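What follows is one structure encoded as structure tokens, with my remarks underneath.
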Amino acid sequence: MPRLHVNIDHVATLRQARQGNLPDPVFAAGLAELAGANGITVHLREDRRHIQERDVRILKETVKTLLNLEISATPEMVKFALEIQPAQVCFVPERREELTTEGGLCVADYADILQSAIPSLKNAGIEVSLFVDPMPEPIEEAARLDADIVELHTGAYANATGKAKETELQRLTTAANYAQEFNLRVNAGHGLDFDNVLPVAQIRHIEELNIGYAIICRSIYTGLDQAVREMQDRILAAAPEDF
């Protein structure tokens, strides 16, 4: 059964809409942990559209579970990660005009910086993940660069319908199995919600699910504590009967 990491970026998005102090993503992270989240994920974007450096610094001191920092593959962001030293760093693609991350990292395009950044981060005790599409090539590149983890982009699965959804689920399953052949650990995330999470949670080798938007949306109606607990219940349903 995968662990649930709650992404709190959209709490910061709401705060930044008024350029104020509320709602506080750090406080939200604490509530999520109290509700049973196994980790907290934040994406510090280059344009700082939601999460700010100050948020990450405070989260590093307050998160009791595991802090996963998503960043772009740039020297500036690697330097910041080495300074903060979260438990995990996940390299993600980033385009200024996108509303949210639209696909996996083209690992080969960033090989030059990753081949120096990954050992630096690992030497600092930070686990390194690459956010990739469920395809052989980026998984092979991640293994070649000695990443610890691949996080499979589940957006195509989340957006698909009918038979296409089954096809995308099989792609995720095949990719998870393939990553295991390279001794890569496997996480997954993007677009997962209360209705579509169960089949992904049932994929054998997936260890962590990063979910944010659906939980924050649900929390408007139920409160964050209840929203996190409901998502954990969905994931728990993926456990074998003798779990």
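Throughout, read-outs are computed from the coordinates displayed, never taken from laboratory work. Just so it is clear, the structure is predicted and the values come from calculations on it, not from any experiment. Counting neighbours? That spans all protein chains shown, and the Cβs are built from the backbone with ideal geometry, glycine included.
The figures follow:
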item: Label-zone membership for region 27-46, site TYR221, 7 angstrom Cα→C-beta point, backbone N under 12 Å; result: none
item: Share of alpha-carbon pairs per 10 Å distance bin for the chain, given as whole %; result: 8, 33, 39, 18, 2
item: Partner lysines for LYS64 [C-alpha distance under 22 Å; skip if fewer than 8 residues away on the same chain]; result: LYS122
item: Where labels lie 7 Å past Cα in the beta-carbon direction, separation of ARG144 and LEU236 in nm; result: 4.4 nm
item: For region 190-243 versus region 120-153, the gap between their alpha-carbon centres in whole angstrom; result: 23 Å
item: Residues whose placed amide H lies under 5 Å from that of GLU207, excluding near-sequence neighbours; result: VAL186, ASN187
item: Relative contact order computed over the chain (Cα-Cα under 8 Å; 6+ residues apart), in percent; result: 20 percent
item: Positive-pole candidate from GLN202, ILE216, GLN19, dipole of the chain, charges at beta carbon; result: GLN19
item: Estimated FRET transfer efficiency when R0 is 35 angstrom, pair LEU22-ASP195 (beta carbons, to 0.05); result: 0.70
